[in-house]
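A short write-up of the structure that comes next.
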Amino acid sequence: MKRTILTAALLASGLTLAACGQVEVAGADDDGSAPTADATTGAAESGEITVVDDQDREVTIDGPVERAVVALSYNNEFVEAIGAGDRVVGVDRGTVQRAPYLGLGEDDIVGESIGELNYEAIVALDPDVAIIPRNGAWQEASERLAEFDIPVVVVSSWDVDVFDETIDILGEVFAEPEGAQAVKDFHEEIVTTVAERVEGTEPVPVYWETDQPYITALPGSGFDQVITGAGGTNVFGDIEGGDAQHEITIDPASVVERDPAVIVHEQPPSAEPYSEAEVAEIVAGIPARPGWSGITAVQEGEIYVTNGWATSGLSKAIGTAYLAKWLHPEEFADVDPADYLERWATEFQGVTDFPGEEPYVAPGGGQ
């Protein structure tokens, strides 16, 4: 039986807010009850849905899933891609900031981050399910939301290794098997094309830098997987550990010593492009770093500044295609990663005013 939870009952329950503070919940009916979903959204017929999530937890949902709270922009991109984006009623602030084209705004925010969720706001929305990544506050959410019969499904769309499983879980939760298969087919098209062309090539040394200077990816991170998948070798691939994201701050001199042939600096994901001036400053600044003029990538002009919305999209498959072309231009002469990016944006994300590749991928030059 579907839940109907009155706001007054929420307040009386004594449910405390998470550390993120109060978030206003919009869309409540005049009588204070949570708004009802339109039954014509394409959801499955009524019945229990049982899935095994990212943490090998068996989770049962009282379907159909007509209303979902989804934390993490990558999770929301996948939900949109399979055709269930119209059933998302609450998200984290990062999703609103990174993907404004999804049509979600300030009133839809139920958490300042994936680790700081506002449980009162979530419960007030009366969702059928809450979807949270494994590096978010899913344990706490499971405990806090159990009282209100809101199941939590752990899905981590940033993890390259579990891409197929992630899409399958979301397809089951939202009863969108055809949409899920379409996303898997597109992903497979890209990774197969890349794998066939990089096979037998000589690995090219790469230095991959996150949005902060001198923070790089180590084995275990998705960015390291991009490098190896593109037919490259991570110049810091011999180092293990780092933080929870398998990233570490390195000595700038060590980049000079390891002499990468290609340098990539990825900005945080943002469907709204960064300003030309901001990107240009980064592009010009990398070759100008003290002592870096002798690095092969600087001398050859093989420096790229990218927007993570593009190059980390589709579980980093698009970024892998871009990097593979930069590393092995001859083998990829007939492949244009910009086509993949446009298809992802227009066919799977519903972007109607896609500006093309240029605002998201900027090549640098030698000093």
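The values are calculated or read from the model by the stated rules, or taken from the named source; none is laboratory data. Note that the coordinates shown come from a computational prediction; the quantities given were computed from them, not determined experimentally. Note: ideal-geometry Cβ built from the backbone for every residue, glycine included; neighbour counts use all protein chains shown. With ligands, DNA and RNA removed, areas are computed over all heavy atoms of the protein, side chains included. Shrake-Rupley method; radii C 1.70, N 1.55, O 1.52, S 1.80 Å.
Structure summary
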read-out	value
GNM result for the chain, Cα springs below 10 Å: residue of 355, 287, 177 fluctuating most strongly	355
The chain, helix-only ellipticity at 222 nm - DSSP H runs n ≥ 4, -39,500 (n - 2.57), divided by all residues, nearest 500	-9500 deg cm²/dmol
Probe 1.4 Å, accessible area per residue of the stretch 144-274, Å²	42
Share antiparallel - DSSP beta bridges, the chain, percent rounded to 5	40
Two-decimal Rg/Rh across the stretch 58-130, once Rg and the Kirkwood Rh are taken from alpha-carbon atoms	0.94
Rounded to whole Å, sorted largest first: equivalent-ellipsoid semi-axes of the stretch 307-367, Cα gyration tensor	21, 14, 11
Rounded percent of accessible protein surface that carbon and sulfur make up, the stretch 213-341, 1.4 Å probe	50
For the chain, average projected area of the Cα convex hull in nm²	18.8
Of 176, 266, 199, the one that fluctuates the most in a GNM where the chain has Cα springs shorter than 10 Å	199
Candidates per GluC sites (Glu not before Pro) in the stretch 273-308, loop by DSSP, up to 14 other Cβ within 10 Å	300
Surface accessible to a 1.4 Å probe, per residue, for the residues of the stretch 97-136, Å²	31
Reciprocal of mean inverse Cα separation for the stretch 266-353 (Kirkwood radius, Å)	14.5
Beta bridges by DSSP in the stretch 41-142, antiparallel share as percent, to the nearest 5	55
Equivalent ellipsoid semi-axes, the stretch 96-145, via Cα gyration tensor eigenvalues times 5, rooted, Å	19, 13, 9
Chymotrypsin sites (Phe, Trp or Tyr not before Pro) within the stretch 152-203, DSSP loop, no more than 11 other Cβ atoms inside 10 Å	none
Kirkwood-Stokes translational diffusion coefficient of the stretch 129-259, alpha-carbon pairs, 4 °C, 1.567 mPa s, µm²/s	75
Space enclosed by the convex hull of the alpha-carbon atoms of the stretch 89-173, per residue, Å³	99
Cα-based Rg and Dmax for the stretch 192-279, where Dmax is the largest Cα-Cα distance (Å)	13.9, 40
